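See below for the structure under consideration.
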């Protein structure tokens, strides 16, 4: 006997709903897993980018520095929390005739939008008339609550720290820690270490 096209039975409908539920659950789990993976990868990429930028600035400033000082140094640059370390160097500008310029780079922690950040503030000016209004670049985001540490050494292979002051500093190191987005103790350590260029 041939069956007509009057519709589906209740059992067929229940089987279809059950299969659809299984398929939708699998799709939802796959979407949640991929979203978590993308978020983790994005955080790692951001930390890697910050680390590269921080290393570039810190190395360049240390290599150029005539003077390294803990805190604000001899010439103020920027505002906010006390600087962790200040690099000062002297050079000439690009104008003709060349003018003597003093350049100052400070590293400090600032809080913006509830997030602690490591920033580089850069000031310049003729002679000792340095403009205290800086150009500010964020070089590390989402720092944890600990204060970054600065250590200085008098040789490249020495483990004995010296005062981060004056012209005797050969190596400077800044250590900071970014917290993870998940709130656990896993995070990202920034260890910036640079050697001064021989004079």
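The values are calculated or read from the model by the stated rules, or taken from the named source; none is laboratory data. All values derive from a computational prediction rather than experimental measurement. Methodologically, a virtual Cβ is constructed for each residue, glycine included, from the backbone with ideal geometry; neighbour enumeration extends over all protein chains shown.
Evaluating residue 104 against the criteria (1) within 18 Å of the chain's Cα centre (by Cα); (2) modelled with pLDDT of 90 or more leaves one unmet condition, (1). Among the residues of the range 136-158, those identified as loosely packed, with under 13 Cβ neighbours inside 10 Å and free of Cβ contacts under 8 Å to residues at least 24 places away in the same chain are 155, 157, 158.
Going by the structure shown, is residue 90 within 22 Å of residue 169 (Cα to Cα), in a strand (DSSP E or B) and at pLDDT 75 or above? Answer is yes for this residue. Being under 19 Å from residue 188 (Cα atoms), in contact with a strand residue (DSSP E or B) (Cβ under 8 Å, 6 or more places away or on another chain) and not in a strand (DSSP E or B) is not true of residue 111.
Residues that are part of a strand (DSSP E or B) and either in contact with a strand residue (DSSP E or B) (Cβ under 7 Å, 6 or more places away or on another chain) or buried (at least 19 other Cβ atoms within 10 Å of the Cβ) (or both): does the range 48-67 have at least one? Walk me through how you get there before you give the answer.
Initial filter on the range 48-67 (part of a strand (DSSP E or B)): 67.
In the following step, the residues that additionally are either in contact with a strand residue (DSSP E or B) (Cβ under 7 Å, 6 or more places away or on another chain) or buried (at least 19 other Cβ atoms within 10 Å of the Cβ) (or both) were identified as 67.
Checked against the condition, which is being part of a strand (DSSP E or B) and either in contact with a strand residue (DSSP E or B) (Cβ under 7 Å, 6 or more places away or on another chain) or buried (at least 19 other Cβ atoms within 10 Å of the Cβ) (or both), the range 48-67 yields at least one hit.
All but one of (1) more than 16 Å from the chain's Cα centre (by Cα); (2) within 25 Å of residue 48 (Cα to Cα); (3) modelled with pLDDT of 85 or more; (4) surrounded by fewer than 18 Cβ atoms within 10 Å (Cβ to Cβ) hold for residue 185; which doesn't? With respect to (1) more than 16 Å from the chain's Cα centre (by Cα); (2) within 25 Å of residue 48 (Cα to Cα); (3) modelled with pLDDT of 85 or more; (4) surrounded by fewer than 18 Cβ atoms within 10 Å (Cβ to Cβ), residue 185 is out only on (3).
In the range 59-77, the residues that are touching a residue at least 24 places away in the same chain (Cβ under 8 Å) and at negative phi reach residues that are buried (at least 17 other Cβ atoms within 10 Å of the Cβ) and assigned to a helix (DSSP H, G or I) with C-beta atoms within less than 8 angstrom, at least six apart or across chains, in these pairs: 68/62.
Scanning the range 148-169 for any residue that is out of contact with any helix residue (DSSP H, G or I) (no Cβ under 8 Å at 6 or more places or on another chain), in a loop (DSSP other than H, G, I, E, B) and modelled with pLDDT of 85 or more turns up at least one such residue. As a summary of the residue check, residue 96 satisfies the conditions (1) farther than 20 Å from residue 194 by Cβ; (2) surrounded by 13 or more Cβ atoms within 10 Å (Cβ to Cβ) except for the one numbered (2).
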